[in-house]
Amino acid sequence: MIYDKLKAQDDEYLLHSYGRAPVAIKSGKGSIAEDYDGKKYIDFTSGIGVNVLGYCPDNWVNAVTAQLKNVQHVCNYYINDNCTELAEKLTKAAGMSRAFFCNSGAEANECAIKIARKSGAAKGKWKIITLVNSFHGRTLTTLAATGQDVFHRTFLPLTDGFLHVEGNDIEALKNAITDDVCAVMLEGVQGEGGVIPMAKEYLQAVRALCDEKDILMIMDEVQTGVGRTGYFYSYQSADILPDVATSAKGLAGGLPIGACLVSEKLKDIFVPSDNGSTFGGNPVVCAGAVEIVNTVADEAFLKSVQEKGAYITEKLNAMDKVSFVRGQGMIIGIKVENGMDAHTIMDKCIEKGLLILTAKGDMCRFLPPLNISYEDIDAGLKIFEEAINS
């Protein structure tokens with residue numbers, strides 16, 4: 001089998017940073033992936049929320065390949081049209097004012113942290129409050145921001161200046177704010193932390209508290225952004241506007257990108273040399289991202305994500321062995337009855353032709369392509385039910 005050769009090569013030449021599932025993907029189209037032995041899988045992972053329009057959507061492929069024929073990279077001393085077009089479309093979709101482009105969610109969050117520190121420096125404010133069960137990245141600083149000790153492991157000491165409080169508890173947040181706090185950073189739905197949504201009322205209360213205390217509100221939209229919750233960014237479901245928002249994963253439809261967006265009051269926070277990213281704003285990546293934003297920012301498309309998410313949730317709740325379902329839109333966490341291990345369920349799904357994810361708390365996690373058909377949803381849910389019943 002080709003898989004055995006690839007597995008041996010992977011074991012020998014790559015650092016063992018990932019717990020690999022027993023699958024090697026060769027190709028894909030839409031919500032269907034195919035391995036090197038010709039087996040097909042319905043994909044409820046989207047590459048952990050990256051392939052928001054599935055594998056190789058035609059308009060995205062055309063835009064990316066057309067740009068590759070012009071120029072593959074332009075350094076940031078010069079302007080490129082795809083970067084400026086994306087900045088305009090993205091800030092308008094987000095209700096923000098300016099953007100900084102980089103390559104990943106961790107890098108976007110590092111940028112947000114730098115903005116918060118610079119904004120608070122003159123007032124002696126430098127600490128940042130994040131939430132227990134949060135996940136903000138794997139650099140030393142974004143690990144420090146992450147409110148899960150399991151990710152800290154043997155990497156201590158981490159960057160100083162981060163405090164963690166329980167989510168959906170505004171009193172806990174109030175009690176943690178001291179004179180040296182410059183920002184609060186949170187996710188609308190904690191994906192890696194167990195698919196835990198923040199209540200609309202809580203997000204609104206955080207916004208009001210940040211205004212009262214003259215500190216920044218930062219929304220990490222790396223996993224929840226670009227339509228995943230049925231809103232372009234999750235904070236829009238609470239009718240609020242943060243001071244800073246970060247984005248990555250699905251923004252370029254499968255190519256590496258990160259974005260840090262700021263509101264009007266912070267539009268001049270950076271001056272030349274304050275921040276940079278060699279590949280940030282790459283014209284090929286931005287060409288793909290423009291196509292993603294053009295599609296996902298449409299109101300009818302976002303409504304369809306809400307409807308599909310509700311449909312999946314309803315079907316899951318009707319399954320005998322499902323204890324509960326939580327999430328928002330098409331970021332969905334499923335707890336199967338006690339004694340059923342999520343990783344075992346994931347492996348059973350793979351055997352039967354379905355790709356799913358897990359999350360903290362022994363949760364199964366679905367992040368399907370946002371444009372997945374109802375036919376593929378039904379087929380995938382049938383496999384999932386068979387797996388948890390087997």
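Can you tell me which of Q204, Q190 is within 19 Å of Y235 (Cβ to Cβ), modelled with pLDDT of 95 or more and in contact with a helix residue (DSSP H, G or I) (Cβ under 6 Å, 6 or more places away or on another chain)? Answer to the check: Q204. Residues of region 182-197 that are under 16 Å from T146 (Cα atoms) and among the hydrophobic types (A, V, I, L, M, F, W, C): A183, V184, M185, L186, V189, V195, I196.
Look at region 250-270: where a residue is closer than 14 Å to A93 by Cα and a partner is open to solvent by 60 Å² or more (accessible area, probe 1.4 Å) and at pLDDT 95 or above, sitting 6+ places away or on another chain with Cβ atoms under 6 Å, you get V262/R98.
Looking at region 260-297, which of its residues are part of a loop (DSSP other than H, G, I, E, B) and among the aliphatic types (A, V, I, L, M)? Even if it seems obvious, please write down each step before you answer.
Filtering region 260-297 down to residues part of a loop (DSSP other than H, G, I, E, B) leaves 263, 267-282, 297.
Those that are part of a loop (DSSP other than H, G, I, E, B) and among the aliphatic types (A, V, I, L, M): I269, V271, A297.
The single condition from (1) outside any helix (DSSP H, G or I); (2) of a type in the set (A, V, I, L, M); (3) in contact with a Leu (Cβ under 8 Å, 6 or more places away or on another chain) that M346 fails is (1). The set of residues in region 112-143 that are more than 25 Å from P272 (Cα to Cα) and open to solvent by 10 Å² or more (accessible area, probe 1.4 Å) comprises V132, N133, F135, R138. Residue pairs whose Cβ atoms lie under 9 Å apart, separated by 6 or more positions or on different chains, with the first residue in region 148-166 and closer than 22 Å to A176 by Cα and the second basic (K, R) and part of a loop (DSSP other than H, G, I, E, B), are Q148/K360.
If the condition is being surrounded by 19 or more Cβ atoms within 10 Å (Cβ to Cβ) and among the small types (G, A, S), then region 56-86 contributes only A63.
Residue by residue through region 300-318, note down the ones that are of a type outside the set (F, W, Y), out of contact with any strand residue (DSSP E or B) (no Cβ under 8 Å at 6 or more places or on another chain), farther than 25 Å from V61 by Cβ and assigned to a helix (DSSP H, G or I).
In the first step, residues of region 300-318 are kept if they are of a type outside the set (F, W, Y); the result is 300, 302-310, 312-318.
Filter once more, so that each one left must be out of contact with any strand residue (DSSP E or B) (no Cβ under 8 Å at 6 or more places or on another chain): 300, 302-308, 310, 314-315, 318.
Of the ones still in play, those that are also farther than 25 Å from V61 by Cβ are 303, 306-307, 310, 314-315, 318.
Hits for region 300-318 are K303, Q306, E307, A310, E314, K315.
The values are calculated or read from the model by the stated rules, or taken from the named source; none is laboratory data. Here the structure is a predicted model, which means the values were calculated and not measured. A quick note on method: Cβ atoms are made from the backbone with ideal geometry, for glycine too, and the neighbour counts reach across all protein chains shown. Each accessible area value is taken on the protein alone, full model and side chains, heavy atoms only, with ligands, DNA and RNA left out. Shrake-Rupley method; radii C 1.70, N 1.55, O 1.52, S 1.80 Å.
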